[in-house]
Amino acid sequence: MELAAVLMDAICLPGEREQDALGALADALGVELGRVQSELMFLRAYAADLAFATTLADESTRADMQNRLYQHWQRLEDDVGLGLGEDLRDHLALYGQAAGGQSKGPGSLRDAVGSAFARCCAGGDINADLAYLGGAMFAAFYDEVCRLIEAIDLVLPSGDDPGELNNGTR
């Protein structure tokens, strides 16, 4: 099974309970549900990208995993169009800048990314509830991806066949 494919499903396909909760929250906060959903997808993509960067010590493995995830994004963009790849790059850069500008301290990364999420959802305004939601969703997804990466052995394809990444449990 390819880890990047599993992560793409987790990034792009929110659960039913999440959908219901987001609908109620969007209504209460007066923000567009579709915008919140799209932004959460980009937020999860950033969390996965950051998890690869911080968890995988081997540079070639990290680069290979990130490339495989980007290949899935490219296939999705080919299917749906709409400038998805450009939007992804813009959002990864935006969240990276927010994370890079955060102060040292507990929760500061979560808070910085959450604030960027809130600005994207609310058209530039920072709504405290949206910032909390974004920060919490980022931290939870990042932690889950890090735990997943640490719990499996990544096996790179060998020989001339580029194949797919296989994983085995420890």
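The values are calculated or read from the model by the stated rules, or taken from the named source; none is laboratory data. As the structure is a prediction and not an experimental result, all values here were calculated from the model. Positions of Cβ are backbone-derived with ideal geometry, glycine not excepted, and every protein chain shown enters the neighbour counts. With ligands, DNA and RNA removed, areas are computed over all heavy atoms of the protein, side chains included. Shrake-Rupley method; radii C 1.70, N 1.55, O 1.52, S 1.80 Å.
Looking at Gly85, Gly135 in this structure, which one is of a type outside the set (Val, Ile, Thr), modelled with pLDDT of 90 or more, within 16 Å of the chain's Cα centre (by Cα) and within 26 Å of Glu32 (Cβ to Cβ)? It would help to see each step written out before you state the result.
Numbers: Gly85 fails: modelled with pLDDT of 90 or more.
Residue meeting the stated conditions: Gly135.
Quick one: is Thr61 at pLDDT below 85, in a helix (DSSP H, G or I), on the phi < 0 side of the Ramachandran plot and among the polar types (S, T, N, Q)?
Judged against the criteria, Thr61 is a match.
Pairs only if they're at least six apart or on different chains, beta carbon under 9 angstrom, first in segment 77-91 and within 16 Å of Arg44 (Cα to Cα), second hydroxyl-bearing (Ser, Thr, Tyr) and open to solvent by less than 60 Å² (accessible area, probe 1.4 Å); list them, first residue then second.
Asp87/Ser38; His91/Tyr46
Give the residues of segment 26-41 that are of a type in the set (A, V, I, L, M, F, W, C) and in contact with a helix residue (DSSP H, G or I) (Cβ under 7 Å, 6 or more places away or on another chain), sorted by residue number. Spell out the reasoning first.
So in segment 26-41, the residues of a type in the set (A, V, I, L, M, F, W, C) come out as 26, 28-29, 31, 33, 36, 40-41.
Of everything in segment 26-41, those that are of a type in the set (A, V, I, L, M, F, W, C) and in contact with a helix residue (DSSP H, G or I) (Cβ under 7 Å, 6 or more places away or on another chain) turn out to be Ala26, Leu29, Val31, Leu33, Val36, Leu40, Met41.
Can you pull out every residue in segment 40-58 that is open to solvent by 10 Å² or more (accessible area, probe 1.4 Å) and either under 21 Å from Ala131 (Cβ atoms) or outside any helix (DSSP H, G or I) (or both)?
Going through segment 40-58, the residues open to solvent by 10 Å² or more (accessible area, probe 1.4 Å) turn out to be 41-42, 44, 46, 49-50, 53-58.
Scanning segment 40-58 gives Met41, Phe42, Arg44, Tyr46, Asp49, Leu50, Leu56, Ala57, Asp58.
For segment 1-20, how many residues meet the condition of being open to solvent by less than 60 Å² (accessible area, probe 1.4 Å), part of a helix (DSSP H, G or I) and within 25 Å of Ala128 (Cα to Cα)?
Number of matching residues: 3.
Being free of Cβ contacts under 8 Å to residues at least 24 places away in the same chain and either closer than 30 Å to Asp125 by Cα or among the β-branched types (Val, Ile, Thr) (or both) narrows it down to one of Ala26, Ala10, Ala51, Ala63, so name that one. First the steps, then the outcome.
Values: Ala10 fails: free of Cβ contacts under 8 Å to residues at least 24 places away in the same chain; Ala51 fails: free of Cβ contacts under 8 Å to residues at least 24 places away in the same chain; Ala63 fails: either closer than 30 Å to Asp125 by Cα or among the β-branched types (Val, Ile, Thr) (or both).
Testing whether each residue is free of Cβ contacts under 8 Å to residues at least 24 places away in the same chain and either closer than 30 Å to Asp125 by Cα or among the β-branched types (Val, Ile, Thr) (or both) leaves just Ala26.
Among the numbered criteria (1) in contact (Cβ under 8 Å) with a residue 60 or more places away in the chain; (2) touching a Ser or Thr at 6+ places or on another chain (Cβ under 9 Å), which one does Gln71 miss?
(2)
Just wondering, is there one or more residues in segment 25-32 that are closer than 17 Å to Met137 by Cβ and exposed (fewer than 11 other Cβ atoms within 10 Å of the Cβ)?
There is at least one residue in segment 25-32 that is closer than 17 Å to Met137 by Cβ and exposed (fewer than 11 other Cβ atoms within 10 Å of the Cβ).
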